[in-house]
Each structure stands twice: as C-alpha cells, then as structure tokens.
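First up is the structure itself, then whatever we jot down about it.
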Amino acid sequence: MKKVSLAIRDFALPVPRKGSIDALSGYGRASAIGQETHQIIQSKRAQEHDNYEAEVAITHEFERGGFIFEVSGRMDGLFSGKTPKIEEIKTTFSVWELHRRLRDAPNQHPYCLQLQTYGYLYWLQNKVMPKLSFHLVSTRKTEEEDLDIRLDLGVYEAWLDLRLNELVEEAQHAEKRAAKRRKNAEAFTFPFEKPRTGQIELIQTIDEGMSEHRRMLIQAPTGLGKTVGVLFPALREALSRGQRVIYVTPKNSQHSVAEDAVVKLQETGAKIRSLTVTAKSKICFKNEPLCNPEYCEFAKDHYTKVAEHKIMEQLSKKRKLSARTFEKIGKEFEVCPFELQLDAAQDVETVICDYNYVFAPRSAFGRLTESGLDQDGKPNLVIDEAHNLPARAMDYHSPALSSVVLERMREDLVNIPSRFQSDASELIDECIQVVLNRKPKDSDKPSKIETTAAAFQEQDTKLRTFLSQYLEADTDIQPRDVVLRLCFYWSEFTAALEFACDRERTEFFITFHPHHTGGTIKITCCDASEMLKECYDDFEQVVGFSATLKPFEFYSRLAGLETPELKTAEFSSPFPAAHRKLLIIPQISSKYSDRQRNYPRIAETIQKISALKPGNYFAFFPSFEFLERTLEQFSAPPGFMVLRQERGMRNDDVQAVLEHLRAAEKTHSSFCRSRWGFLRRGRLPGQYDHRRVCDWSPSTEF
Ligand code: SF4
C-alpha cells in the first residue's frame, strides 16, 4: 500500500472546505513571530509545571482505499497525569475574535479540528481521553485567554470518515498526475528542429549539473534562446520525478518570455500546463487588497464557494492559467482571484511568478512548494535574470521610515470620515515621535544607531487597533486610503526591524538621517545571502541564469549559492562577430564627473551615427538623469521619430511603444535606461526582439 505522509495541520481541514479568507480562518501558517511566542509560553509552563512537556510528537497511520495516511504533528504542550491535558497555543492579533470563532465552530474550524485530532490520536494510543485546551495570546503578548473544547468521538469520527474519503480521492488524483508527468518526461522533446548554436551545449550542461545534483549559475547571452534552453532540461528533470518547475523573474513584464517558451513546448506535443501568478495588487478586485470578509465580498465564504462550485475542477481543465482566467472565474463565482492562483499552482507543471513569491519575507508561496503523492523530491527552481537577485533580496530587508512621509499623510486625512480624523492625526504625531526619538542627540549628520523594536511594536499595536475600528465602521475604502497606507507603512517597517534585531547579524545596520523638517530611520541589509540560502531549501534543483553573471564568485556569494558544488558555465553569443560593430570614442568621456560638459557631444554622436542608415536605433543610459539631459540636446535626423523611456512606465505604455515600433514604417531613435550606455541599431519592425525593450530598466516595476 502506498503511504501518504501528512502534517496534522494539512490533515485537519473541514469537509467540504468552509470559510472566508481572513487572518483567523485557520488555513494560514504560523508566522515566525508566532513561533517565538510559543517558545516563551512553553518555557514558562515548563518552569511552573513538573508534568509539562513541550512539542510532544504524535503519529498515527490510517488505512483507507488502498492507501496508508500517516498523520503526524507535535502537540504544543502536554500536561500528563490522571486526566492529561493537551494545550495548543495560538498567536493572534485579536484574541477575543479568535475565541469567538473557535467557540462558535468547535467541529469546523481548522484549529479545533487540529486540537481534536491530537486528542483523538492520544486516545487511540493511550486509551485515556485527554482534556483539550487552547491558549490564545495576542501578537504583542498583551492579552491571553484560555478556551476548553470537547472531543465528541461520534462527531469526530463522522468527520474523519469524510476526510479519509476525500484524501483517497486526492491521492488517486495525485497518483495520476505524477504518472502523467513521468510519462511526459520520457516523450519530452526540444521544441525546435534546429537548436541555435550553443543551445545544445547549454541543455547538456544543465542536464549534467542536475544529474550531479549541483546548483547552477549560467551566463548566456541574448539571442542564444536561453529561456527555453534552461526551462527545457529543468522541466524534463522535474517531470521525471512527478514534479514541476517554479520559474521566477524579477519583473512581471518578463513573465511573457517564459510563457512563450511554455507555449512552444506545448505546441510540440508536451502535455504540460502553466500558471502565471499575478501580483495581488494587480489582480485584486477591490480598491485595496484588504482580505477580510467584512470588507471584501470575494473573501467572504471564498473556501465555501470554491468547494460548492467545484472551481478547482474547472481550472484543472485549462492548459494555460493566466490573470484573465482567474478574473473571469473570480467574478462569476464571487471568489478571490489571487487565492485561486495559489490553490491552482499545485496542479500545473510550470508556475511563473515574481521573485517575491519565493524570496520575499512573509511570501505567500510556502504552500506552493508542497509535494503530493508519488512525487520524488521537491520542485525545481529556475531564476531568470539572476544578477538582479542579490540587490532585490537586500531591498526586501532594507525599508525606511520617514517622519516627512508620515507628515505628508496627514494632508490626506481630509479624505477619511471626519469622526476618525482627529484620532488618526494623533496617531501620526505619535509615529513621528517614535521616529524622531531615534535621532542621536549629538549629531546632525546621518549616523548609525542602536535601537530595539519595542517602541515600534507598541505603536504598531495601537495602529492595528485603530485600523480594526476603522474597518468595522463600514468605511468606504478608496484607492490609496491613507489609514491603510499608514498602517502598512508602519507594520512593514516594524516587521523588518523585528527581523533585523532578531538576527543580530552584521549584515544589518540601522541609521538615522536627519532632515530639516524631521528625519528618516533606515534599515540597511548589505548581504541577504543567508536569507536566500534558506529559500533554496524548498527546491530540489536550482538554476540561475542571466546574460550578465560574472564574476561568478561575486554573484554566487551574494545570491547565497556559493558552495564547492556550485556549477558555473558561460556561453558565447550565437551571432557572428562580423555583424557586430563596436565603436569606442575616446574623445568623449561619459564618466560621471565629465558628463555635464559632454551631453551635447554625446547627443551629436548619436545623431550622426543614426543618420548613416535608416532603421531603429536604441541608446541606453545608466540613469534617467543622463538620458534626459542628453535628449535635451538631441536633434533627430530627418525622417526619424524619437521614442523615450519614461520613469515608472506601466506595462500598457511599454506595449504601446512596442506596437509603434512594430507597426510604423518609420525609423526611430529610442532613448532607454539601462545599466550600460550603448547605442545599437535594432532590427527592422517585425523582426524586433521586443523582450529587450521590456527589459529597459532593472528597477522599473511594470
Ligand atoms: S479580492 Fe482582493 S481584497 Fe478580496 S480577498 Fe482577494 S486580494 Fe483580498
């Protein structure tokens, strides 16, 4: 019989699923802060009670439908004795609200089912019925509350019967899915009859690295066909284990390159499905992504509606799952499109998403890397444009909190109901004071400071309490609501500060930057490699690739991939060197200190080169400032149209530029921002490699 191992957290779920999306639904995972509170309470209990034991492991095997379901978990605490007591600790922002939810649904709420499962397994193994109790603690440990629940064997076993039947269905589905993937791997063929020069070597290199189970960094130039050249072997290896690939990009605009590669594989017969994860802020139907049933009708009864309408079955019939699919279904059944994406990701062979879902702290991705029956190992991870990863990861952990920004929020208070304005203004005063209290007394210059998170946490609690009242008052939330902005701004910083203080590591330092009207406190993470390393553990094979990954020692260290086993490889451009013209003009320096006086000469050079031959020309600049100042001096040659990249261009604007380039018969001078300045004559419209235009700026989020 096949064995399926399950954590009690994943086992103890209502059948059918019921409930809404919110922090107290019981479907989420414990946060690191919750775990820390657990440990504090457990050690207090151990000091006070001789009969107390923390983290008591318990396992049991259930047989059903030809499968063995091995259910295991750890009880937070067990008080032994004549009548033993099992205690579960739950950390929550609102102790009273969670207390109410658990009391009102003792046989439905996932937390109650978890505790009852511990009780039931204990009873099966010891023939003694234990007492069951929740110990609820507020996030900042200011409130604590106990709640006892009963284990009614008849009711529990009725649920257990349904749950085991459901698990058999899930296991059979997972078995079929894994078998299909393995079969697919055997017949998986490269989607082009004639691979480009270098593509075969690229695929062989990745195959070799994977067979040796080595993480990889690959440098391959544009034009080699590296996306499909990396995805193909990574996917084939994953499928051979019944697994899938998670393909991450630094920007949403790069998703289309991976999507195109998957389409190519599908067109040549690969039976694979793909899902592109769209950011919550983009796919959310509401003015603000505020996921609770009081504010959002799509969050309300989301799980109930998904089960009732068999939405996951509907999604399983589609080969390509994109934002449009989730939006359509979300609107039709009034469910959350973002949550649907995460649920559907288990069933597809390629998940394409932003770095955030794998590398950001508190990412929603955890559950997407889980594995089902008959899958060996873990999913594979492919990191596109991997040179961006170190800086992006450092940014995740380097937020700033400015009194000037807080002060500016005050101006927007006129847009919220008047009864909240004065309290909100007072809270802003307090927030500013917390920031300014960090200012070193004896310095008016930016300086390093030592601080703890305590004052920020205290203020965070006040803000959250205010936010609850604000939301409960049935306020009409408008886009960019100032109360939400204030609370998110503060809590994001507080969470990062807690993390930085907890790590007590040298990669973080905190500075205060005085300003004539206030000041800014800034956390700087100068090396996120340790955090990145932890993320790779969720994956079997890891391949990072980019056109610029050298020196490998530098990128591998900062990306947390530096191990003796790391495999690195570089490939040369497939384009004949004879087609390339490199012009170095030593008389014109673009060094920062020389730039100012050379703007006119640089503009003139671009003008002269462009005028030599009709076509599309692209001038790339290392900064917008450089681009704008040169453009001021530029006169386009006759018949040329000037296109330029704007700061913070949205995807629609980029698409409009691409359409223009494809459609128009004219010739263009395009001014773009890039990390290196260079001028290049593009291909004619129609032959144009539009992916590079989407890649204009590493820092622009489309
Ligand atoms: S629709 Fe928006 S607010 Fe509602 S649950 Fe989904 S992401 Fe949250």
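The values are calculated or read from the model by the stated rules, or taken from the named source; none is laboratory data. Since the structure is predicted, the reported quantities are computational estimates derived from the model, not experimental observations. A quick note on method: Cβ atoms are made from the backbone with ideal geometry, for glycine too, and the neighbour counts reach across all protein chains shown.
Quick notes
- Output for the stretch 563-605, where each listed residue is of a type in the set (A, V, I, L, M) and in contact with a helix residue (DSSP H, G or I) (Cβ under 6 Å, 6 or more places away or on another chain): Leu566, Ala569, Ile588, Ile602, Ala603
- If you go through the stretch 244-263 and keep only what is surrounded by fewer than 24 Cβ atoms within 10 Å (Cβ to Cβ) and among the β-branched types (Val, Ile, Thr), you end up with Thr249, Val257, Val263.
- Cβ separations smaller than 7 Å between residues 6+ apart or across chains give the following pairs from the stretch 280-295 residues that are at negative phi and touching a residue at least 40 places away in the same chain (Cβ under 8 Å) to residues that are more than 6 Å from the ligand (Cβ to nearest atom) and polar (S, T, N, Q): Asn287/Gln478; Pro289/Ser281; Pro293/Ser20.
- Residue within the stretch 243-251 that is modelled with pLDDT under 90 and among the β-branched types (Val, Ile, Thr) present: no
- Filter result for Thr142 (at pLDDT below 90, assigned by TED's automatic domain parsing to the domain that holds Ser80, β-branched (Val, Ile, Thr) and not in a helix (DSSP H, G or I)): yes
- Only one of Ser590, Ser556 that is touching an Asp or Glu at 6+ places or on another chain (Cβ under 7 Å) and among the hydroxyl-bearing types (Ser, Thr, Tyr): Ser556
- Per the listing Lys194, Lys127, the residue uniquely under 27 Å from Lys567 (Cβ atoms), surrounded by fewer than 16 Cβ atoms within 10 Å (Cβ to Cβ) and over 34 Å from the mean Cα position of the chain (by Cα) is Lys194.
- Among the conditions (1) within 16 Å of the ligand (Cβ to nearest atom); (2) at pLDDT 90 or above; (3) more than 30 Å from Val168 (Cβ to Cβ), the only one that Arg362 does not satisfy is (2).
- Within the stretch 291-326, the set of residues being of a type outside the set (D, E, K, R), farther than 26 Å from Pro16 by Cβ and within 16 Å of the ligand (Cβ to nearest atom) comprises Ala323 only.
- Residue within the stretch 500-507 that is surrounded by fewer than 21 Cβ atoms within 10 Å (Cβ to Cβ), of a type in the set (A, V, I, L, M) and modelled with pLDDT under 95 present: no
- Scan of the stretch 273-286 for residues that are more than 9 Å from the ligand (Cβ to nearest atom) and in a loop (DSSP other than H, G, I, E, B), ordered by number: Arg273, Val277, Thr278, Ala279
- The residues of the stretch 504-529 that are without any contact (Cβ under 8 Å) to a residue 40 or more places away in the chain and touching a helix residue (DSSP H, G or I) at 6+ places or on another chain (Cβ under 8 Å), listed by number, are Arg505, Glu507.
- Selection count where residues are part of a loop (DSSP other than H, G, I, E, B) and β-branched (Val, Ile, Thr), scope the stretch 3-25: 2
- Residues satisfying the stated conditions in the stretch 210-233, i.e. of a type in the set (Gly, Ala, Ser) and either surrounded by fewer than 24 Cβ atoms within 10 Å (Cβ to Cβ) or in contact with a Pro (Cβ under 7 Å, 6 or more places away or on another chain) (or both): Ser211, Gly223, Gly225
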